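Q: Can you keep this structure in mind? I'll have questions shortly.
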Amino acid sequence: METTVTKKTWTEKELMALPSNGNKYELINGELIMVPTGIEHEDIGARLLVALGKFVFEYNLGVVCGSSAGYWMKSGNLRSPDVSFISKKRLQGFKRPPKGFFKGSPDLAVEILSPSDTIETLHEKIVEYFENDTKLAWVINPEEQVILVYHSPRPDKLLRGNDTLNGEDIFTGFTLPVSELFVEL
């Protein structure tokens, strides 16, 4: 799949009005990047959203979002992880989640690899998340059925089928067997 690039100056209002057509949008260095995702990608994201959302909601820990949520980076880039979490502490002053995009990065950023992703663009995203206060990142590789865990711009843990993903200090007590993200039909 090819990535489509459109150059123009975008307002938040214009970005919020983009069609919800199954594509993921990011604004990088002033260019709108549209990355189509597939069913497997969305299925993994949905499985993680349901498990994480249930846990976060039960303990009133903050907000869990899917790939339509946008995060304004200090650079002016608008990043959109596939799954993200913002802690209640970082939402102080809000009675409800913000209507627009969030200023800063999420506490947890999750990227699910797509065929169009490159190591370079993935690394740029991870670096930018941590430069903007992300505490934890997970990169899910559907092809290899593994998850890389990041606490900084360099991965420090590789999880496979029999391992367990956990929320660590971000949402203590959350666990999910890695194998549950890669269930066969």
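Q: Which percent, nearest 5, of DSSP beta bridges in the range 39-181 are antiparallel?
A: Once the DSSP bridges in the range 39-181 are tallied, antiparallel ones form about 75 percent.
Q: May I ask you to work out the translational diffusion coefficient for the range 93-183 at 4 °C, viscosity 1.567 mPa s, via Stokes-Einstein with Rh from the Kirkwood sum over Cα pairs, reported in whole µm²/s?
A: 91 µm²/s
Q: If the limit is 20 Å between Cα atoms, which of Lys135/Lys157; Lys125/Lys157; Lys24/Lys89; Lys89/Lys157 go over it?
A: Exceeds cut-off: Lys24/Lys89; Lys89/Lys157.
Q: Name the residue, out of Thr175, Thr121, Thr37, whose mean-square fluctuation peaks in a Gaussian network model built on the chain with Cα pairs under 10 Å.
A: Largest GNM mean-square fluctuation: Thr121.
Q: Ranked highest first by the average count of other Cβ atoms within 10 Å around their residues, in what order do 9-15, 164-170 fall?
A: 164-170, 9-15
Q: Another question, then. Search the structure for amide H atoms under 5 Å from the amide H of Thr37, placed 1.01 Å from N in the peptide plane, and list their residues when 5 or more places away or on another chain.
A: Under 5 Å from the amide H of Thr37: Lys24.
Q: Taking the Cα atoms of the chain, what is the range of coordinates along each of the three principal axes, in descending order and whole Å?
A: The principal-axis extents, from largest down, are 46, 41, 30 Å.
Q: Taking the Cα centre of each part, how many Å lie between the range 27-91 and the range 120-185?
A: If you average the Cα positions of each part, the centres end up 13 Å apart.
Q: How far is it, in nm, from the label point at Ile39 to the one at Glu144 when both lie 7 Å from their Cα along the line to the Cβ?
A: That separation, rounded to one decimal, is 2.6 nm.
Q: Also, I was wondering about something else. Per DSSP H run of n ≥ 4, the term is -39500 (n - 2.57); total these for the chain, divide by its residue number, and report the mean residue ellipticity at 222 nm rounded to 500 deg cm²/dmol.
A: Rounded to the nearest 500, it is -6500 deg cm²/dmol.
Q: Also, quick follow-up: Along the range 130-138, what does the Karplus equation 6.51 cos²θ - 1.76 cosθ + 1.60 (θ = phi - 60°) give for ³J(HN,Hα), rounded to whole Hz, x for Gly and Pro?
A: 5, 5, 10, 5, 5, 9, 8, 9, 10
Read the figures in this text as sums done on the coordinates, not as results from a lab. As the structure is a computational prediction, the values presented were derived from the model and not from experiment. We place every Cβ from the backbone using ideal geometry, glycine too, and count neighbours over all the protein chains shown.
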